[in-house]
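Reading through the structure tokens given below for one structure.
The values are calculated or read from the model by the stated rules, or taken from the named source; none is laboratory data. Remember, it's a predicted structure, so these values are computed and weren't measured experimentally. Neighbour counts run over all protein chains shown; Cβ positions are idealised from the backbone, glycine included. Surface areas here come from the heavy atoms of the whole protein model, side chains and all, with no ligands, DNA or RNA. Shrake-Rupley method; radii C 1.70, N 1.55, O 1.52, S 1.80 Å.
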Amino acid sequence: MTFTWTAHRFAGGALALDVANSVILRFDPARCIDRFADVAALDAFALAANRFCAESPRFGTLLPVPERKRGGLLVLREATDRHFRATVTAGYRPELMADLLEAIASVLRGAGNSEDAIALDTATAHSALSLAANPEPDRMKICPNCGWLFLDRSRNRSRTWCDMAVCGNRSKVRRHYHRSKEEA
């Protein structure tokens with residue numbers, strides 16, 4: 001099956017969250033899909049992030065992660081998800097922050113220098129560090145439909161879904177279906 005990275009896949013509002021959201025249906029073992037398990041999809045993510053990621057202007061051109069550093073990106077992805085998901089649901093947990101900082105440090109120790117391009121893992125580490133250093137717990141949310149992490153940048157902080165066009169629509173269709181079924 002061919003997979004394409006679309007704007008919806010970058011609904012997190014920060015690169016680190018978009019990377020964390022690369023695991024689809026994370027808490028449903030029967031349907032869970034790790035989009036980064038396919039090396040071609042991982043490489044394509046970096047290129048798509050240049051176009052769709054909310055933070056793309058901040059980083060300049062994102063490059064795919066070199067093969068030898070892919071494991072570090074995956075460790076960072078999981079630490080990012082655990083830390084920020086716990087922050088939303090249960091509050092700050094020092095041990096999860098420590099895990100996140102260790103994963104960030106590991107990626108940044110191996111980062112190369114370039115003036116006009118940055119590897120996806122390095123940019124993700126910068127994004128995660130920025131989120132951790134400037135927490136906005138009232139803006140960090142979890143989509144009730146798909147379980148993705150996202151930043152609510154709405155003025156009144158009332159955003160419910162990661163993407164209104166996808167998850168919001170699915171939720172509304174589901175409610176309409178159940179309402180019409182009850183009326184029948």
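For this structure, a couple of remarks:
- Output for the range 141-182, where each listed residue is open to solvent by 80 Å² or more (accessible area, probe 1.4 Å) and modelled with pLDDT of 80 or more: P144, R153, R155, N156, R157
- Pick from the range 1-31, criterion of a type in the set (K, R) and in a loop (DSSP other than H, G, I, E, B), ranking: nearest to L101 (Cα to Cα): R26
- Note on the range 81-121: residues that are part of a helix (DSSP H, G or I), among the small types (G, A, S) and either under 16 Å from L17 (Cβ atoms) or touching a residue at least 40 places away in the same chain (Cβ under 8 Å) (or both) amount to 2.
- Looking only at residues of the range 1-18 that are open to solvent by 10 Å² or more (accessible area, probe 1.4 Å) and either small (G, A, S) or closer than 15 Å to H83 by Cα (or both), we find that the one that is farthest from the chain's Cα centre (by Cα) is A7.
- Counting the residues of the range 19-77 that are of a type in the set (K, R) and surrounded by 14 or more Cβ atoms within 10 Å (Cβ to Cβ) gives 6.
- Filtered residue count, the range 10-29, keeping only those that are at pLDDT below 95 and either touching a Pro at 6+ places or on another chain (Cβ under 6 Å) or more than 11 Å from A54 (Cβ to Cβ) (or both): 6
- Cβ-Cβ distances below 6 Å connect the following pairs, each with a first residue in the range 65-80 that is under 16 Å from A128 (Cα atoms), a second residue that is part of a loop (DSSP other than H, G, I, E, B), and a separation of six or more residues or different chains: L73/V65.
- Summed over the range 111-140, the residues that are open to solvent by 40 Å² or more (accessible area, probe 1.4 Å) and in contact with a Lys or Arg (Cβ under 7 Å, 6 or more places away or on another chain) give a count of 1.
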